[in-house]
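Heads up, the thing below is written out as structure tokens.
The values are calculated or read from the model by the stated rules, or taken from the named source; none is laboratory data. Owing to the predicted nature of the structure, the values given are computational and were not obtained by experimental measurement. Glycine gets a Cβ as well: all are built from the backbone with ideal geometry, and neighbour counts include every protein chain shown. We work out accessible area using only protein heavy atoms, side chains counted, and drop any ligands, DNA or RNA first. Shrake-Rupley method; radii C 1.70, N 1.55, O 1.52, S 1.80 Å.
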Amino acid sequence: MPVDEVQAVAEALRAAGVRLVVGAVIDSAGVSRGKQVPVDRAGALHRSGVGASSTWAVFCADNGIAMTPRIGAVGDLRLRADLSAAVDVGGGLAWAPAEVFTQDGEPSPVCWRGFLRRQQAAAEALGLEVLAAGEVEFSLLPARPDGTSGPWVAYGLGPALDHQEFLLDLEAEFDRAQLGLEQLHAEYGGRQFEFSLSPADPLRAVDKLALARFLLGRTARRHGLAVSLSPKPFVDGVGNGAHLHMSFLRDGKPLLSAGDGPHGITPEGGSLIAGIVEQLPELTGLLAPSVLSSLRLQPGMWSGAYACWGLENREAAVRLCAATQGNPHGANIEIKCVDPTANPYIAAGAILAAALDGLRAGKPLPPEVTVAPADLTEEESKQLGVVQLPGTHAEALDALERSAAAQRHLGEELLEALVAVRRHEQAEYGDADIATTVDRLRFAWSV
């Protein structure tokens, strides 16, 4: 941003009563972190940033530090807030997404938001317009065990009435921040709610998700509630997902509808889907990356445990939402295997990078899967090219480390950092009692 624009934003925040500006990131462990400066230093937060040790790239969900050969006690980074995306969230606070730079002012190779920015630029260079939208499931724990009026009803109105004031307050917070709230409702799992946000370009869409997580935590605190973003907050629960939706256009024309392929998919749209389906098994360690993720990513959980696609198929990792009267945003794909422990900038960037690989290679659309993949015979799965995603945390990390696509997309340093923090989780909790790990990490990804 030009200096005069930065100054104008800072002055507008001050005039609105903002006193502190939060420069926020979501790190390699999927945890929200940041630093705050007085509003009078907002311009400096944008231009030169604030210091952060190089170990910010390898902080873990349990506050451990997963040192690597490249990252240790020596070195420093700068967190620089993007004031063009700053939002006055009330109460004297403004929130802005931050990116990671070197001390010399160069983008750091370990910057999570910068990775998505590069993938979005690559799509635009190919003449594509990409829209993305996110939805997040979360578990809402009452201040007292008996804090609700009755048993949980999946998608029920009773849970909404139990937490009416919290939901109204959260809607007001989202509205103030112009997040484009589309749905907010009780979900299938016990004590589980979900919100969905409106589409935007990928960088803006993930910024909205990051801010929504911040506001969710702040609003819950005001109501004496606690929020869990864990993919397995309770041993006997279904787990929380964080599905990502994407649509693609060229010259204003959609690539997932109005074509001659199945359900109107165009040849280019088919190639985009093919790239994602092909790379999902090796990228699972980015999309469902925590030591608890594999407990959710199982057949029958509607978590997308199989690398395949299908129209409205909630057991497929790639669910096609066709252009129908019931879909006002037009045709899009939903990536169901993503959960809230993933860094959403990394997840969206990896999905987009895989799609672009498919497009560049002109890959054909894989066969559609019209049933629950677990119901296919071994021979049917082979004929359709259906592969189950890695079933354990260790398998997902091994596949990610071997992945040439991940190396190409992320670069060695960022991939090394992402794997290191998850290897820490594996070493600390991989052999532990599941109930103990679930309890220990229930709030690890909460704001």
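Tabulated results
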quantity	calculated
Lys, Arg +1 and Asp, Glu -1 on Cβ, resulting dipole of the chain about Cα centre, debye, nearest 20	960
Directionally averaged shadow of the chain, computed from the convex hull of its alpha-carbon atoms, nm²	21.3
List M1, M301, M246, ordered by accessible area with a 1.4 Å probe, largest first	M1, M301, M246
The chain - percent relative contact order, Cα under 8 Å, separation 6 or more	18
Rounded percent of accessible protein surface that carbon and sulfur make up, the stretch 72-115, 1.4 Å probe	51
Set K253/K382; K336/K382; K232/K363; K208/K253 screened for pairs whose C-alpha atoms are more than 31 Å apart	K253/K382; K232/K363
Neighbourhood charge, 15 Å Cβ-Cβ cut-off, centred on G430 and excluding it, Lys, Arg +1 and Asp, Glu -1	-3
Centroid-to-centroid separation of the stretch 346-380 and the stretch 30-98 [C-alpha atoms, Å]	35
Mean ellipticity per residue at 222 nm, deg cm²/dmol - from DSSP H runs of n ≥ 4 across the chain, formula -39500 (n - 2.57)	-11500 deg cm²/dmol
Under 13 Å, Cβ to Cβ, from S53 - net charge with Lys/Arg +1 and Asp/Glu -1	+1
Unit charges on C-beta of K, R, D, E only; dipole of the stretch 290-447, Debye	460
Three-way shape call for the stretch 1-53 based on the alpha-carbon gyration tensor, with the a/c threshold at 1.5	prolate
Lys/Arg +1, Asp/Glu -1 at C-beta; the stretch 148-305 dipole; positive extreme among L225, I265, Q178	L225
Positive-end residue of Q7, P254, Q103, charge dipole of the chain with Cβ unit charges	Q7
Cα-based shape type of the stretch 346-447, given that a ≥ b ≥ c are square roots of the gyration tensor eigenvalues and the cut on a/c is 1.5	oblate
Accessible area per residue in Å² at 1.4 Å probe, computed on the chain	40
